[in-house]
Every structure is written in structure tokens, then in C-alpha cells.
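Following: one structure in C-alpha cells, then a few remarks.
Coordinate-derived values only; no laboratory data. Only a predicted model underlies this, so the values are computations on that prediction, with no experimental measurement involved. Here the Cβ positions follow ideal geometry from the backbone for every residue, glycine too, while neighbour counts run over all protein chains shown.
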Amino acid sequence: MEIATLMTRNERCRGCTSAALTRILSLGVQPPANAFVRPEDLGKPELAFPLDVYFCNDCSLAQLRDIVSPELLFTQYVYVSSTSPAFVAHFRAFADAIVSRFGLGPSSLVVDIGSNDGILLKPFQEKGIRVLGVDPAVKIAAEATAAGIETLPYFFTPDVARDIADRHGRSSVITATNVFAHVNNLDALVEGVRILLASEGVFIIEVPYLADFLEQNLFDTVYHEHLSYFSVASASVLLERLGMKVINVEKTDSHGGSLRICAAPRESAHPVGDAVGRFVADERARGLEDMTVYEKFAKRVEENKIQLTALLRGLRTDGKTIAGYGASAKGNTLLNYFGIGPETLDYIADDSAWKQGLLTPGTHIPVVAAQRIAEQTPDYILILAWNFADPIMKKLEWFSRAGGRFILPVPVPRIVRQLHAQEDSATRLPLRTNQ
Ligand SMILES: [Zn+2]
């Protein structure tokens, strides 16, 4: 791949096409958060790209403008969703809710965009509903197909949508969970949805919620894959421009706070639920259309950086040892932006076998299996995958009983002794470690 094709820059807002974009947060130049380095490649140049968040003054969509090639980011993707039982339960409940709400039956077709290993489609299939996955990660798509969930190894485009409609008929439900915020050309994606969706069909999106992102200081959920940071207001502007209407909105626990947005073709009979207007009014009251909220957010991120780096430096100066847990994408954003490397963290434990033996992108901290904590027990464990803080601390109960301490980095850095010492960290639903 030519370097020039590895990154493009948007001149206009992805949501409303305005050119009035203001930078609200700069996390520097970083390698892609999942571009782990093989030890033998250390010393070779690493690709790195600007990681800056912009605010649209017209539709208030927070977004990245510097777009790293999706071929580079996604086609070699190795994350498999169903490894987490919490996800399986989350998507099962999601499927149950959709089936009963929209009265799906054996003639219905559910298409999932970014279907990964089929974690969402499987519970639909078990209810006798026809399902089809679309996911550009070739290996995962092949494995899902082999396991009985037919999955097309493509990006979802209008051509792919036409092909599916020709072969399988129109779709009652199209889902895009944790993928809508990752796609740059949403015009093409929604055009494809309009082609494939039945006239009374519904399009259901799950995206991390901008309000939580700002208020819980989730700056580490910024990485090159995560292009849009939606509110209900900004998602509505985009969908309406593309011929859809938002008919319902719900809050879910994923990602430290996500939105489940249900949309339908503009000309469909679906009524617009009261929740939509309530969310938009609430967002306005919280100042999500106002630049000062973003300026305060950027300031809090800076304070977080100062506090966490001072805390870690102080511990190292006192001769304490520190390891990380969870070589997640969010962890890599934090480590790169805060400049935390192997001089501070001896290693990062991670349960994903494919990451073990590699080095974190940019910061080059060794990623090891979790058993290392028993063999080379640190004084402190920095939980980088804070979304998994609950199960991680539970698993490492022996560590805290032996006097070890955990450090949680967001929303403000704090030292935690044991599970449930901090209600806010313990009550969150576990999320994908790639986030
Ligand atoms: Zn806009």
C-alpha cells in the first residue's frame, strides 16, 4: 500500500457536510491502537497518524478528520467478540428485545454490519430467523461462516447491499453495533441500508454516547478506528439528511455508556417515539452544542495526564513496581498520549493470546499472559482496560489480599484496594478489549 493512500483528511463534517470544524482535543501523532509490534520489528519505522478530535459548529458532531485507511485498520482484525460471556449475554438480550418489539419470524432477515464472529446474529438464528453477517475481517468472516453464520467478507457498500437484496430479499432489521462510529463514509453505508432495508424495516445502531465520553472523561476511547462521537442530535442530523428518521433512542451500558438508536426510512409508518425529543432537549441542557463544554473536557484530560504521570512517577521513585492489565486500544491511546513506556510499566498482562509476546504500539511495553502476575508480582496494577475492571479485580483477588493495589486511570486516577471499593468502576458492563 502506498503511504499516500494510508491516510486521508476530511475537509467537511461527516454528519452535515459543513466546513465549520474546530479542533477540541489533540492526542498527538500515534500509531493505530491495535498495531502491536513484533519484537523482531523493533527499530523499524512505525506508521503513526494525527489523533485529533474536531467539533462541528453546525451539527455538533465530534469527529476525527484524519482518516487512516480502513484496509489498514480492519481487514486484518483479529478480535473475536464471543470470547467475553458478558458480550454474549448483552447481545442475547438485544436480540430478544428486537424480536419481540418488531415481531420478527422465520420469514424475516436480519443483517448485521460488522458482524464479527456472529455474536449478535446467533441468538436471532436460534429463534429460527434468517441471518446474514457482513464483516471485512476475512479470517473472522470465514470462521463465522464455517460455524453456521453466513458472513460476507466485505465492507458494507451499496453494491454489497444490492447483491444481498437480490439473493436474500429485503431485510427486516439491519444492525450496526459498534461499527457506525468507525465508518468514514456514512453516506455510502446509509445508502446501502436504504437499498437493503424493507420499506417498514428498521436500522439499529449502537454507538458510544458523546455525553458519557465528555462527562466521564473517556478521552482514551479516542483512537483511529473511532471516527464519530455521536449525540442523538448529531446522529439525527446525519440520518435525516440521508433519508432516514430516528424513531427511538435508548441508553445502554456498553462502552461506559452507549446509545442504541433505532431509525427507519423517512417515508415509513413508524412513529417517532417521545424519547427522541427528550434526549435532544437533555443534550442541549447539558451543553453538548456549546464549545465551552469541550474546552472544559480538554482541560480535564490535561489534568488527568498530570495526575496519573505524577502518581506513577512517585511510585517508581519509591521503588515500587507497576504492571498494566489489558493491552486494549484505549490503553494504547492513554500510554502514547501520556508518554508511559517500559520505564514505568514492566509489562502488560492481557488475556488475548494473539497479543501475548508482542509489544504495545508506540510505547513498546511487552504484552504477556496473565500468569506473569503470579510469577513476577508487581506492587501496583494499572488497569488500562477499565471497562473490565470488575472481572479483572475479581480474578486478581489474591493480589489485593497479598497487599497489591490497583490503579484506575479514568475519569480521575485513583488507587483502589479491592473490588467494589469504587462503585462507579464496578458497576459497568464489560466491553470489548479492542476498544
Ligand atoms: Zn456537522
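Note on the range 148-225 and the range 271-289: Cα centroid distance 22 Å, given to the nearest whole angstrom. Build a GNM of the chain with springs between Cα atoms under 10 Å: which of 130, 162, 401 gets the top mean-square fluctuation? Judging by the Gaussian network model, the answer is 401.
Calculated mean residue ellipticity, 222 nm, the chain: -9500 deg cm²/dmol, from DSSP H runs (n ≥ 4) at -39500 (n - 2.57) each, averaged per residue and rounded to 500. The GNM of the chain, with springs linking C-alpha atoms under 10 angstrom apart, assigns the highest mean-square fluctuation among 332, 116, 304 to 304. Each residue, residue 241 and residue 346, gets one label point 7 Å from its Cα in the Cβ direction; the gap between the two is 5.2 nm.
Taking the fewest neighbouring Cβ atoms within 10 Å as the starting point, the ordered list for 149, 365 is 149, 365. Mean separation of Cα pairs under 8 Å and 6 or more residues apart, divided by the residue count, gives the range 339-409 a relative contact order of 26 percent. Isolated cysteines of the chain, defined as having no other cysteine beta carbon under 4.7 Å away, are 262.
Cα convex hull, the chain: 139 Å³ per residue, rounded to a whole number.
For residue 302 and residue 415, the FRET efficiency from 1/(1 + (r/R0)^6), where r spans their Cβ atoms and R0 equals 30 Å, is about 0.90.
To the nearest 0.05, what FRET efficiency results for residue 292 and residue 143 with a Förster distance of 41 Å applied to their C-beta separation? That pair, residue 292 with residue 143, gives E of 0.30. Remark: for residue pairs 251/296; 245/305; 139/251; 355/394; 122/330; 127/330, the C-alpha separation exceeds 30 Å in 245/305; 139/251; 127/330. Ordering 22, 199, 344 by Cα displacement along the dipole of the chain toward the positive end leaves 344 in first place; charges were set at the Cβ atoms of Lys, Arg (+1) and Asp, Glu (-1).
Computed from label points 7 Å out along Cα-Cβ, the spacing between residue 274 and residue 88 is 3.9 nm.
With r as the distance between the Cβ atoms of residue 374 and residue 354 and R0 = 22 Å, compute the FRET efficiency 1/(1 + (r/R0)^6) and round to 0.05. Efficiency, rounded to the nearest 0.05: 0.55. Counted residue by residue at 0.36 nm each, then reduced by the alpha carbon distance between them, the extension gain from residue 395 to residue 5 reaches 136.1 nm.
Classify the range 310-426 as rounded, prolate or oblate, taking a ≥ b ≥ c as the square roots of the eigenvalues of its Cα gyration tensor: rounded when a/c is under 1.5, otherwise prolate if a/b is larger than b/c and oblate if not.
It comes out rounded by the Cα gyration axes.
Any chance you could give the angle, 0 to 90 degrees and rounded to 10, that helix 274-285 forms with the longest Cα principal axis of the chain? Helix 274-285 sits roughly 40 degrees off the main axis of the chain. Using Cα-only point scatterers and the Debye equation, what is log10 of I(q)/I(0) for the range 81-289 at each q in 0.08, 0.11, 0.15 Å⁻¹, rounded to two decimals? Per q value, in the given order, log10 I(q)/I(0) is -0.25, -0.49, -0.94.
Counted residue by residue at 0.36 nm each, then reduced by the alpha carbon distance between them, the extension gain from residue 310 to residue 163 reaches 47.4 nm.
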